[in-house]
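Read-outs throughout are calculated quantities, based only on the coordinates presented, and are distinct from any laboratory measurement. Small disclaimer: the values here were computed from a predicted structure and weren't measured. A quick note on method: Cβ atoms are made from the backbone with ideal geometry, for glycine too, and the neighbour counts reach across all protein chains shown.
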Protein chains: 2
Amino acid sequence: MRKVFQAELHQVGEELIQISQLVTEALTKADAAFRGADVELAQDVISADARIDFLQNDLDERAIDILALQGPVAGDLRMIVGALRMSASLERMGDLARHIAQLARLRYPALVVPSSLRATFAEMAELDITISTQVGVLLDSRNVELVPEIQAANSRINELHRSVFAAIASPDWNEKPVTTVDVTLASRYLERFGDHGVSVARKVSYLVTGQWQPEAYAQ
Amino acid sequence: MRKVFQAELHQVGEELIQISQLVTEALTKADAAFRGADVELAQDVISADARIDFLQNDLDERAIDILALQGPVAGDLRMIVGALRMSASLERMGDLARHIAQLARLRYPALVVPSSLRATFAEMAELDITISTQVGVLLDSRNVELVPEIQAANSRINELHRSVFAAIASPDWNEKPVTTVDVTLASRYLERFGDHGVSVARKVSYLVTGQWQPEAYAQ
């Protein structure tokens, strides 16, 4: 019985890792589509999001079955409840990658972001991809030393997000209003992606150490 | 034992209702602060959000205790897991109300939204307040006939959200870029608020009927 239980718990962990890998792949492709106005790649990301949703649902049903059939307590129970929450955050990260791809598709063949902000958006997306990748490694290794790194990457994203608004507020900003809308939304999506990544990282850390990491790092 | 369990389950339900009422109050005040450039009221909403976060945490801990101590199965188990998810959505709705208040505070003594879009934003906020109020009634009464009404209100919000972007894209839009940013974000916050409300409503409906409501209504 205990052996079956451990196998099922392990399976939930594996599924979380798998979802995080799909999320990393989604954002990597969405970013390439966004930077390169690649409408086929954008479409791939949009279509592939259903797979993430399916896996989240599958993981959640498995977790509920474990709760019903095994009645876990203490650390195992917290792990299952944590998995339910982490799967929700990862699913949302998938949605945000899809939103970036949708913006790329909407403005095709034009690029979404004007040249003055492309380096900023490239850095934000790279940091998000790093966060998502590190979250996958963290889920697998439970090496909580990664958590401050993930938080530091997110702090840098927050800085870049603020710098986007500062650029829009400056007298040099002469873009069309729809471009301002697109840039605002894209920056918001990338900022939220990082927040969800940190949220997953903090939950892993809590499950491993029994203590909550401070909310922000170097902020 | 069974009696204690039912009392605890009831307590979780009561706490969900209480949180939904605080969320409704938060958005009602945030909307008034937003429309009236009332910085004290905005500050109230921002401060009061900690209470929603506290109650969410309290509810979650109670739910985990029930899982650990009572080992609920079947419908009771789904109700507890559902409560964990609904509390997360409600907490997020509280955050979004806070974001609206923060925009009001940031632009004080000016109004955030230019006169041409004030009626649109007023309608969106009213629909969100209706959704949040109806979600509270639904949590209390479990009258699933409210669910299509909640979904219809959200569909109308989505329409209004799109109309905001259409207004910004029109040649008549002569607002400053920062106003475009504010309007984009505020519209996005109000749109997300409705989505979370629908998400809670669909979960209640699932718990009561055992079936998922279709994702959208009249869309």
- Query: What number of residues in segment A:53-64 are surrounded by fewer than 19 Cβ atoms within 10 Å (Cβ to Cβ) and within 15 Å of A:Gly13 (Cβ to Cβ)?
  - Reply: 2
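Of everything in segment B:104-117 that's crowded, with 22+ Cβ neighbours inside 10 Å and in a helix (DSSP H, G or I), which residue is farthest from the other protein chains (Cβ to nearest Cβ)?
Out of the qualifying residues, it is B:Ala104.
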- Residue hits (segment A:165-188; surrounded by fewer than 16 Cβ atoms within 10 Å (Cβ to Cβ) and more than 7 Å from chain B (Cβ to nearest Cβ)) are A:Ala166, A:Ser170, A:Pro171, A:Asp172, A:Asn174, A:Lys176
- Note on the structure: Scanning segment A:50-72 for residues that are over 11 Å from A:Ile19 (Cα atoms), more than 11 Å from every other protein chain (Cβ to nearest Cβ) and without any contact (Cβ under 8 Å) to a residue 12 or more places away in the chain gives A:Ala50
- Item | Residues of segment A:174-213 satisfying the condition of being farther than 17 Å from B:Ala169 by Cβ and of a type in the set (A, V, I, L, M, F, W, C) | A:Leu190, A:Phe193, A:Val198, A:Val200, A:Ala201, A:Val204, A:Leu207, A:Val208, A:Trp212
- Query: In segment A:25-38, which residues are assigned to a helix (DSSP H, G or I) and surrounded by fewer than 24 Cβ atoms within 10 Å (Cβ to Cβ)?
  - Reply: A:Glu25, A:Thr28, A:Lys29, A:Ala32, A:Arg35, A:Gly36
- With A:Gly75, A:Gly82, A:Gly94 as the choices, which residue is out of contact with any Phe, Trp or Tyr (no Cβ under 8 Å at 6 or more places or on another chain), closer than 30 Å to A:Arg2 by Cβ and touching a residue at least 40 places away in the same chain (Cβ under 8 Å)? A:Gly75
